[in-house]
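Right, one structure below, let's go through it.
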Amino acid sequence: MGVSSNFQKAKDSLQSHDIYIKNTHCFTHNDFDPKRTDFDNLVYQFMHVVRGSEVFGVQDEDGSEEHFFKVFVDVGCRFIKEEDKENKNSEPVAQIEASFSCRIPDA
């Protein structure tokens, strides 16, 4: 079994619990109207960042301990004008961001 197939097997085995939104932020520029916009002149920029993780254990009433892996992930998308795509300080016309927390039990 190759490295990529082992990695795929590990990904397929993950079972997430307690996924919830920590915070959200979204806005549109005052002049931006998604119903009347030519999206061919906009560029989509995506964000996916793992902000941190932790491993912790929870002890049941009978004394057995269950371990969990918790990860904090930020995701988002912003829309900028195509002529501004090379400018790192470009103002987005619309932006959506969210931070999630996800708990994964130890297998």
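Across the chain, Cα pairs under 8 Å and at least six residues apart give a relative contact order of 38 percent. In the context of the full set of protein chains, the chain has a per residue accessible area of 78 Å² (1.4 Å probe). Exposed loop sites here mean GluC sites (Glu not before Pro) with a DSSP loop assignment and at most 10 other beta-carbon atoms within 10 Å; the chain contains its longest site-free run at 1-60.
Residues 104, 19 ordered from highest to lowest accessible area at a 1.4 Å probe: 19, 104.
Rounded to a whole number, what % of the accessible area of the stretch 9-90 do carbon and sulfur atoms account for, probe 1.4 Å?
On the way: 3190 of 6790 Å².
That share works out to 47 percent.
Shape of the stretch 1-66 from its Cα gyration tensor (a ≥ b ≥ c, root eigenvalues): rounded if a/c is under 1.5, otherwise prolate when a/b > b/c, or oblate? Oblate, because a/c is 1.5 or more while a/b does not exceed b/c.
Charge tally around residue 82: other residues with Cβ under 14 Å, Lys/Arg +1 each, Asp/Glu -1 each, net -3.
Once all protein chains are placed together, residue 51 keeps about 150 Å² accessible to a 1.4 angstrom probe.
The values are calculated or read from the model by the stated rules, or taken from the named source; none is laboratory data. A quick note: this is a predicted structure, and the numbers were derived from the prediction, not measured. Using ideal geometry, Cβ is built from the backbone for each residue, glycine included, and neighbour counts are taken over all protein chains shown. Protein only, heavy atoms only, side chains kept; ligands, DNA and RNA dropped before computing areas. Shrake-Rupley method; radii C 1.70, N 1.55, O 1.52, S 1.80 Å.
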